[in-house]
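The values are calculated or read from the model by the stated rules, or taken from the named source; none is laboratory data. What you see is a predicted model; the values in this text were computed from it and never measured. So basically every Cβ, Gly included, is an ideal-geometry build from the backbone, and we count neighbours across all protein chains shown.
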Amino acid sequence: MSHQGRGNAIIAAVVLVVCMEVLLRCEVAQGSNFIVGDAGGWTFGVSGWPNGKSFKAGDILGNVQLYPPGIHNVVVVGKADHDNCNVPNGAKTYTSGKDSISLAEGPNYFICGIPGHCQAGVSIAVTAN
């Protein structure tokens, strides 16, 4: 029995070492949180806010009160709709003011769908690597 007990202990130790090695080599995919517009939030003139910032896929935009509900919204759009301030039918629209939006890899485009707001700069284009 003592040989079997020692063998089980060795197997357990090997399994533990292998598990620790796997855990140490794996990165936990956690994104950074960005408050769009910083202290100003999602408002007029925010379109330049992403300039000079680095974003990664999985980063979160939002997490705090970005805008008063009913005053603005956030619509996820494609490049052409972003550039033309167009809200396509069926577009994902956030309205809570406390939205949390995870960035996809590549370009991400957002506009305010309230008439005239996108044209006044309530829109951003963010590229996540």
| Residue list for the range 108-123, restricted to those being buried (at least 20 other Cβ atoms within 10 Å of the Cβ), farther than 15 Å from Val87 by Cβ and of a type outside the set (S, T, N, Q) | none
| task | Return the residue satisfying two criteria in turn: it lies in the range 15-45 and is within 16 Å of Asn63 (Cβ to Cβ), surrounded by 10 or more Cβ atoms within 10 Å (Cβ to Cβ) and of a type outside the set (S, T, N, Q), and of such residues it is modelled with the lowest pLDDT. | result | Gly31
| request: Go through the range 35-49 and give me each residue that's over 14 Å from the mean Cα position of the chain (by Cα) and assigned to a loop (DSSP other than H, G, I, E, B). | output: Gly37, Gly41, Trp42, Thr43, Phe44, Gly45, Trp49
| note | The one condition Ser100 fails out of (1) within 16 Å of Val36 (Cβ to Cβ); (2) in contact with a helix residue (DSSP H, G or I) (Cβ under 9 Å, 6 or more places away or on another chain) is (2)
| remark: Residue hits (the range 50-76; within 15 Å of the chain's Cα centre (by Cα) and buried (at least 20 other Cβ atoms within 10 Å of the Cβ)) are Asp59, Leu61, Gly62, Leu66, Val74, Val75
| query | Does Gly58 count as over 19 Å from Gln119 (Cα atoms), in contact with a Gly (Cβ under 8 Å, 6 or more places away or on another chain) and among the small types (Gly, Ala, Ser)? | reply | yes
| Among the residues of the range 94-106, is any surrounded by 13 or more Cβ atoms within 10 Å (Cβ to Cβ) and either in contact with a Lys or Arg (Cβ under 7 Å, 6 or more places away or on another chain) or of a type in the set (Val, Ile, Thr) (or both)? | yes
